[in-house]
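FYI, it's all coordinate maths here, none of it is from the lab. This structure is a prediction, so every number in the text was calculated from the model and none was measured. All Cβ positions, even for glycine, are placed from backbone atoms using ideal geometry, and neighbour counts span all protein chains on display.
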Amino acid sequence: MKGLANRVVEYIRGKGIGAETIRYATAGALTTVINYGLFELLWNVIGLGLRISNIASISISILFAYAANKLVVFRKRSDTRFDLVLEFAKFIGSRLFTMALEVVAVEVFVGVLGQNARLGKLAAQALVIVTNYLLSKMMVFRAKR
């Protein structure tokens, strides 16, 4: 089994997927588990409405994602408090954008296309994960020139 894991890592590296991308995928997977787990808890266990459950689960997972992306994925240090506040504001702004994207996507998948709510939520998150990576890499955690 260890040989298989090594072959998979070598294949990924050979395809140009670096450590940052692997860290992002891992952090993204954990963020998705938190987002989806909270959604299930709020919607199915507690019985909150679809929209409230969706928005609350996204909001909490955004806070987790900031810490994971800053500290683990992009390993970005802030030189001053102003830099930290500006970075956090950019992160929140980008995530509010993708939160709106996710809310609209879930509404379209479930309300318009009639897809199962769980599948609609997962499909929307796939779109959001890619968009979040691009915004984080190019706008939020970009290295200073």
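The table below lists the values:
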quantity	calculated
Among 72, 104, 94 the positive-end extreme of the charge dipole of the range 63-104 (Cβ point charges)	72
Expected 222 nm ellipticity per residue - DSSP helices of 4 or more, -39500 (n - 2.57), all of the chain, to 500	-23500 deg cm²/dmol
The range 20-140: C-alpha gyration tensor shape, a/c 1.5 cut-off, then a/b vs b/c	prolate
Dipole in debye (nearest 20) - the chain, about Cα centre, beta carbon charges: Lys, Arg +1; Asp, Glu -1	640
Protection-proxy order for peptides 105-115, 50-60, each taking the mean of Cβ atoms within 10 Å per residue, highest first	50-60, 105-115
Under the span-like rule (Cα at least 24 Å along the axis, Kyte-Doolittle mean at least 0.0), DSSP H helices of the chain	19-40, 50-68, 81-106, 117-135
